[in-house]
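Next up is a structure, given as structure tokens.
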Amino acid sequence: MQWGLQNRLSRIIRPADGRTVMLAVDHGYFLGPTSKLEVPRETIAPLVPYADALMLTRGVLRTSVDPGAGVPVVLRVSGGTSIVGPSLADEGLTTSMEDALRLNVAAVTLSIFVGTDHERQTLLSLSKLVDEGERYGMPVLAVTAVGKELEKRDARFLALCCRIAAELGAHFVKTYYCDGFEKVVEACPVPVVIAGGPRLETFRDTLQLVHDALERGASGVDMGRNIWQDGHPVAAIQAVRAIVHEGHSVDEAFALYTKLAK
């Protein structure tokens, strides 16, 4: 791996423990003004000090993140669909590598939609992005999206998606946690981070998800709604960090959350 690419990736996944806490705030590119993310700057600003990286679009980066914040950015460069359109899977590349370099981001990311009518185009977009990433020293994160079909989140399907992403050259992969998650990680030769997905019933459930994923080989999390839609988002992200980077148990992290939420 070339030095520049490795340097950028090490800004996201900490070399000291091989883990990361990414904050996903890119939901507006297909959902519009999502609840608790209506004014991105207000949501993002208090959470930046506790995030190892932000995942977001260039529009929100330019308008809603202080250039002096110093937080690494994973730039969403795919889109072209919306929640009210016929298919979330019909994505294409929306942002050039040149613009990503101008924005000084640490990585770029796109979604792949395996098993859909648009599988081929999203996988070819990944391959094109990897080619450009290798040319300019930019890591590529592949997101194994399932659109509205959440029932697809089983180990066999996710292992297929993650392995294909790695085979096409993705430098790390974002996927869902599932039963048998260790099989997904074992079959993927690049780091795997987990998505939070739709908000869970309780925050303790979120912490259990994080703990279990790490125990089964995840390199960290890329969470959004389960943090910033929580009633106490700053306490929530600190509790997640306590598990990811400090090895806290679920009970210890939840006690920290309870204390900070007062």
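A short reminder: the numbers here are calculations on the coordinates, not readings from a lab. Here the structure is a predicted model, which means the values were calculated and not measured. Heads up, the Cβs are rebuilt from the backbone with ideal geometry, glycines too, and the neighbour counts pull from every protein chain shown.
Using modelled amide H (1.01 Å from N, peptide plane; none on Pro or chain starts), what sits under 5 Å from the amide H of Val73, excluding residues fewer than 5 places away?
Residues meeting the amide H criterion: Leu54, Ala106, Ala107.
Starting from the Cα of Met1, move 7 Å in the Cα-to-Cβ direction to define the label point; list residues of the range 107-125 whose amide nitrogen is under 14 Å from there.
Flagged as within label range: 107-108.
Would you grab the residues whose amide H sits under 5 Å from the one on Thr94? Only those 5+ places off in sequence or on another chain, please, with H modelled 1.01 Å from N.
It is Ser78, Gly79, by chain and number.
Please sort 161-168, 34-41, 105-112 by packing, taking for each peptide the average over its residues of neighbouring beta carbons within 10 angstrom, highest first. Could the numbers behind the result be given before it?
Values: 161-168: 20.5, 34-41: 15.5, 105-112: 25.6.
Sorting 161-168, 34-41, 105-112 by mean packing, highest first, produces 105-112, 161-168, 34-41.
Here is a follow-up. Percent antiparallel among DSSP beta bridges with both residues in the range 3-198, to the nearest 5? Spell out each step's value before the answer.
On the way: 3 of 23 bridges.
Within the range 3-198, antiparallel bridges account for around 15 percent of the total.
Rounded to the nearest 500, what is the chain's calculated 222 nm mean residue ellipticity when only DSSP H runs of at least 4 contribute -39500 (n - 2.57) each, over all residues?
Details: 12 runs with 111 residues, N = 262.
Per the formula, -12000 deg cm²/dmol.
Under 5 Å between amide H atoms, partner at least 5 residues away or on a different chain: which partners does His248 have, H built in plane at 1.01 Å?
Ile243
A further question follows. Evaluate the relative contact order of the chain (contact order divided by residue number), counting alpha-carbon pairs under 8 angstrom at least 6 apart; express in whole percent.
Values: 479 pairs, mean separation 45.7, N = 262.
This gives 17 percent for the chain.
A further question follows. Quick one: 3J(HN,Hα) in Hz for the range 137-144, Karplus 6.51/-1.76/1.60 with θ = phi - 60°, rounded, Gly and Pro as x.
With the stated coefficients, the range 137-144 comes to x, 10, x, 10, 9, 9, 9, 7 Hz.
Within the set Lys36/Lys174; Lys183/Lys262; Lys36/Lys183, which residue pairs have Cα atoms separated by over 30 Å? Present the calculation step by step, with values, prior to reporting the outcome.
Values: Lys36/Lys174 23 Å; Lys183/Lys262 39 Å; Lys36/Lys183 35 Å.
Over 30 Å Cα-Cα: Lys183/Lys262; Lys36/Lys183.
Using the per-residue mean of other Cβ atoms lying within 10 Å as a proxy for protection, in what order, highest first, do the peptides 222-230, 210-218 fall?
222-230, 210-218
Still on this structure: Sort Phe203, Phe157 by Cβ crowding within 10 Å, fewest neighbours at the top.
Numbers: Phe203 23, Phe157 20.
Placing the least packed residue first, the sequence is Phe157, Phe203.
Can you give the extra length, in nm with one decimal, that the chain gains between His232 and Ser127 once fully stretched, where that is 0.36 nm per residue apart less the Cα-Cα distance?
Details: separation 105, 0.36 × 105 = 37.80 nm, distance 3.93 nm.
Roughly 33.9 nm would be gained on extension.
Can you list, by residue number, the Cys in the chain that have no neighbouring cysteine C-beta under 4.7 Å?
Among the cysteines of the chain, those whose Cβ sits 4.7 Å or more from every other are Cys161, Cys178.
How high is the FRET efficiency from Ala69 to Arg163, r the C-beta distance, R0 35 Å, rounded to 0.05?
Values: r = 35 Å, r/R0 = 1.00.
After rounding to 0.05, the efficiency reads 0.50.
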